[in-house]
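Notes follow once the structure below has been shown.
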Amino acid sequence: MTEPVGIALVFPELLGTYGDGGNALVLQRRLQWRGIEARVIAVGVDDPVPSSCDVYVLGGGEDAPQTLATERLTAHGFDQAVARGAVVFGVCAGFQILGRSFTGADGTQQPGLGVLDCTTRPKGTRMIGELVVEATALQLPLLTGFENHGGITELGADATPFGRVLVGSGNGAAGVEGVVTGRVMGTYLHGPALARNPALADLLLSWVVGPLEPLDDHVVDRLREERLHAALGRRHRG
């Protein structure tokens with residue numbers, strides 16, 4: 001019997017801001033609706049991080065929990081899962097800790113996991129509001145979500161931006177949003193991102209199980225159209 005697709009929800013008590021844990025549930029449901037068995041494994045901060053999962057989901061969090069999460073992931077050899085080719089989806093703080101460094105609660109630069117070629121530093125003022133992104137690195141429709149962060153993420157020479165910002169701030173530098181390197185993706189899109197953008201969820205899943213049959217997403221499509229219309233309309237009026 002084929003093993004179920006393993007979806008690790010990493011440290012939800014540390015990286016669970018803005019309902020980002022819902023991303024793991026979206027991935028599970030979209031597989032189950034297609035008859036593919038999947039399970040979500042909630043990994044507590046004191047639990048060993050399993051190395052054999054197919055997908056790892058990291059959400060948003062505050063500065064101190066972000067630093068602790070990085071320490072735990074380093075200690076548990078998270079890099080081995082990445083090297084094995086697991087899909088990693090990090091949002092906000094989860095995105096920042098995947099980079100080379102980020103700013104900790106004490107204002108000093110903390111080492112990240114070094115999975116993505118980017119660094120994050122404080123801006124001073126928070127970037128809050130709707131975020132609309134044109135995906136330039138991947139074949140996807142416009143992406144919708146909201147952002148709430150105070151960090152500017154600058155990309156290194158080996159980093160590919162996830163997309164171009166149409167509304168909002170994204171990385172806060174160079175008009176770009178997120179990073180994609182291999183099967184690792186970082187973004188500032190909350191929402192949860194995969195609930196708002198099912199095509200993105202299916203893309204991540206296709207990296208694990210291959211091509212997927214389409215689902216009837218007409219209800220989600222109506223919500224997407226509403227949010228995109230509102231966000232893009234404000235941009236044009238401005």
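Regarding segment 5-16, can at least one residue be identified that is crowded, with 17+ Cβ neighbours inside 10 Å, over 22 Å from Gln96 (Cβ atoms) and not charged (D, E, K, R)?
Yes: segment 5-16 contains one or more residues that are crowded, with 17+ Cβ neighbours inside 10 Å, over 22 Å from Gln96 (Cβ atoms) and not charged (D, E, K, R).
Go through segment 80-139 and give me each residue that's of a type in the set (A, V, I, L, M) and more than 19 Å from Gly61 (Cβ to Cβ).
Within segment 80-139, Ala81, Val82, Ala83, Ala86, Val87, Val132, Val133, Ala135, Ala137, Leu138 qualify.
Please count how many residues of segment 60-94 are among the basic types (Lys, Arg) and closer than 24 Å to Pro161 by Cα.
Residues in segment 60-94 being among the basic types (Lys, Arg) and closer than 24 Å to Pro161 by Cα: 1 in total.
So how many residues does segment 17-52 have that are crowded, with 21+ Cβ neighbours inside 10 Å and among the acidic types (Asp, Glu)?
Counting residues in segment 17-52 that are crowded, with 21+ Cβ neighbours inside 10 Å and among the acidic types (Asp, Glu) gives 1.
Take Glu147 and decide whether it is at pLDDT 95 or above and part of a loop (DSSP other than H, G, I, E, B).
no
Grab the strands (runs of 3 or more DSSP E) fully contained in segment 21-115, keeping just those with 2 or more residues being free of Cβ contacts under 8 Å to residues at least 24 places away in the same chain.
Correct list: empty, since no element meets the threshold.
I need the full set of residues from segment 155-177 which are part of a loop (DSSP other than H, G, I, E, B), closer than 19 Å to Pro122 by Cβ and either touching a Leu at 6+ places or on another chain (Cβ under 8 Å) or aliphatic (A, V, I, L, M) (or both), in order please.
Gly168, Ser169, Gly170, Asn171, Ala173, Ala174 - these are the residues of segment 155-177 that are part of a loop (DSSP other than H, G, I, E, B), closer than 19 Å to Pro122 by Cβ and either touching a Leu at 6+ places or on another chain (Cβ under 8 Å) or aliphatic (A, V, I, L, M) (or both).
So which residues in segment 133-179 are among the charged types (D, E, K, R) and surrounded by fewer than 21 Cβ atoms within 10 Å (Cβ to Cβ)?
Passing the criteria: Glu134, Glu154, Asp158, Arg164.
Please work out if Phe146 is touching a residue at least 12 places away in the same chain (Cβ under 8 Å) and either out of contact with any helix residue (DSSP H, G or I) (no Cβ under 8 Å at 6 or more places or on another chain) or among the hydroxyl-bearing types (Ser, Thr, Tyr) (or both).
It is true that Phe146 is touching a residue at least 12 places away in the same chain (Cβ under 8 Å) and either out of contact with any helix residue (DSSP H, G or I) (no Cβ under 8 Å at 6 or more places or on another chain) or among the hydroxyl-bearing types (Ser, Thr, Tyr) (or both).
Does Thr187 satisfy the condition of being surrounded by fewer than 23 Cβ atoms within 10 Å (Cβ to Cβ), hydroxyl-bearing (Ser, Thr, Tyr) and within 30 Å of Gly35 (Cα to Cα)?
It is false that Thr187 is surrounded by fewer than 23 Cβ atoms within 10 Å (Cβ to Cβ), hydroxyl-bearing (Ser, Thr, Tyr) and within 30 Å of Gly35 (Cα to Cα).
Looking only at segment 192-214, which residues are within 19 Å of Arg84 (Cα to Cα) and in a loop (DSSP other than H, G, I, E, B)?
Gly210 - this is the single residue of segment 192-214 that is within 19 Å of Arg84 (Cα to Cα) and in a loop (DSSP other than H, G, I, E, B).
Residues being over 21 Å from Asn197 (Cα atoms) and aliphatic (A, V, I, L, M): count how many of those fall in segment 11-47.
The number of residues fulfilling the criteria is 5.
One line per residue, one yes/no per condition, for (1) more than 25 Å from Thr103 (Cα to Cα); (2) in contact with a His (Cβ under 9 Å, 6 or more places away or on another chain):
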site	(1), (2)
Leu143	yes, no
Asn148	no, yes
Phe162	no, no
Gly178	no, no
Val184	no, no
Gly191	no, no
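Going by the structure shown, is Leu140 within 20 Å of Glu226 (Cβ to Cβ) and not in a loop (DSSP other than H, G, I, E, B)?
No.
The values are calculated or read from the model by the stated rules, or taken from the named source; none is laboratory data. Quick caveat, the model's predicted, so the values are computed rather than measured. Using ideal geometry, Cβ is built from the backbone for each residue, glycine included, and neighbour counts are taken over all protein chains shown.
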